[in-house]
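Everything on this sheet refers to the single structure shown next.
The values are calculated or read from the model by the stated rules, or taken from the named source; none is laboratory data. Model, not experiment: these values are computed from the prediction. Neighbour counts run over all protein chains shown; Cβ positions are idealised from the backbone, glycine included.
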Amino acid sequence: MKRIILGLAMLSAATPCFCWGFFAHKKINHYAVFLLPPEMLVLFKPNIDFLSDHATDPDKRRYAVAAEGPRHYIDIDHYGTYPYDSLPRRWQDAVNKYGEDSLAKHGIVPWWVQTMLYRLTEAFKQKDQARILKLSAELGHYMSDLHVPLHASSNHNGQHTGQHGIHGFWESRLPELLADKEWDFFIGKAVYISDPLSFAWKRLLESAAAADTVLRFERELTARFPADQKYAYEERNGVTIRQYSTAFSKAYDSMMKGMVERRMRQSIFATASFWYTAWVNAGQPDLSTLNNQSFSAEDLQEFEWLNNAWKKGTGNGREHESP
Ligand SMILES: [Zn+2]
């Protein structure tokens, strides 16, 4: 029996912890659609399932493209202490100071959302429906990753502090347990972001400031929680997995006073607002008359390729780094 339990525990430890989890990424893109003005809803509402399903494409790409990983995080603590003033906020200034290779090594998410915003703006200008949808889905992914505290810390999976698994705990287990039943995603309207770079950095610094709390509270709760009740074995898709128990998860969530829900809501708002900003900057094109309305053979091939890369899971994502 002991050997079986150990085997299951190892299986669980080897399960990749995706950014925000597939569940939360899909929810974020789904809810973001409802923040848009009617002129955008005409395109985004009928395609809400595509936007939600493809919210996870960037994570799938991590399995096949080496350059993909750094777009999802930044180890901001590599650059000193809060507020990390030694790191220039503008990409070109940061490149001049550290070089592109070094920046890539420690993650580039606050800059990558700018690249995605630019690409989406161009797609709106070209009135290219397939591209607008693909880029919108992916922009929502990176923007959401930016809001995750452990995406702004080199101790991203608690590997330096004996808390392995905390990454997936925060961004997958808690949303899966609580989002549908207890959290509120009524969020008002998207707004125009006049300074997207400052906006992204502000959100990123909030993530960085929260990372310590995320780690510390888990340590404190573990210390006073009955050790045999921290984890539970549950059946999922026919496989028994070890995960943080419901009681431990709820106790942790209440210690954090709604932090995960709050960051998820902010992710939704930021995603919708970046979509809206791209559309405004493109001159508010009429989205009821677009070109390129169906996905090309190459697009469809790419979607299949991403799915296969993910299923094979031979990746370059940093979730494969051992602690
Ligand atoms: Zn990600």
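Which residues, counting only those in the stretch 169-195, are more than 20 Å from Gly21 (Cα to Cα) and either within 18 Å of the chain's Cα centre (by Cα) or modelled with pLDDT under 95 (or both)? Selection gives Phe186, Ile187, Gly188. Kindly indicate whether Val95 is aliphatic (A, V, I, L, M) and crowded, with 19+ Cβ neighbours inside 10 Å. So Val95 fails the test. Helices (runs of 4 or more DSSP H) fully within the stretch 215-323 that include at least 2 residues being more than 29 Å from Leu51 (Cα to Cα): 246-255.
Scanning the stretch 152-198 for residues that are surrounded by fewer than 19 Cβ atoms within 10 Å (Cβ to Cβ), touching a Lys or Arg at 6+ places or on another chain (Cβ under 9 Å), within 21 Å of Tyr84 (Cβ to Cβ) and of a type outside the set (S, T, N, Q) yields a total of 1.
Might you check whether a residue that is at pLDDT 95 or above, in a helix (DSSP H, G or I) and of a type in the set (Lys, Arg) occurs anywhere in the stretch 90-112? Yes - at least one qualifying residue is present in the stretch 90-112.
Yes/no matrix, rows are residues, columns are (1) under 20 Å from the mean Cα position of the chain (by Cα); (2) under 19 Å from Met116 (Cα atoms):
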position: Ser267; (1), (2): yes, yes
position: Trp275; (1), (2): yes, yes
position: Pro285; (1), (2): no, yes
position: Ser296; (1), (2): no, no
position: Glu302; (1), (2): no, yes
position: Leu306; (1), (2): yes, yes
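Flag: Pro70 matches the condition of being touching a residue at least 24 places away in the same chain (Cβ under 8 Å) and either within 18 Å of the chain's Cα centre (by Cα) or closer than 19 Å to Leu135 by Cβ (or both).
The set of residues in the stretch 37-79 being β-branched (Val, Ile, Thr), buried (at least 20 other Cβ atoms within 10 Å of the Cβ) and within 14 Å of the ligand (Cβ to nearest atom) consists of Thr56, Ile74. Residues in the stretch 250-288 that are touching a residue at least 60 places away in the same chain (Cβ under 8 Å) and closer than 17 Å to Phe23 by Cα: Val260, Glu261, Arg263, Met264, Arg265, Gln266, Ser267, Ile268, Thr271. Screening Cys19 on (1) surrounded by fewer than 22 Cβ atoms within 10 Å (Cβ to Cβ); (2) within 14 Å of the ligand (Cβ to nearest atom); (3) at pLDDT below 90 shows it passes everything except condition (1). Can you tell me which residues in the stretch 60-106 are of a type in the set (D, E, K, R) and closer than 25 Å to Glu138 by Cβ? Hits for the stretch 60-106 are Lys60, Arg61, Arg62, Glu68, Arg71, Asp75, Arg89, Arg90, Glu100, Asp101, Lys105. Exactly one residue among Ser102, Ser154, Ser144, Ser136 is among the hydroxyl-bearing types (Ser, Thr, Tyr), in contact with a Phe, Trp or Tyr (Cβ under 7 Å, 6 or more places away or on another chain) and more than 14 Å from the ligand (Cβ to nearest atom), and that residue is Ser136. Evaluated against (1) within 14 Å of the ligand (Cβ to nearest atom); (2) at pLDDT 95 or above; (3) more than 26 Å from Ala272 (Cα to Cα), Tyr82 falls short on exactly one condition, (1).
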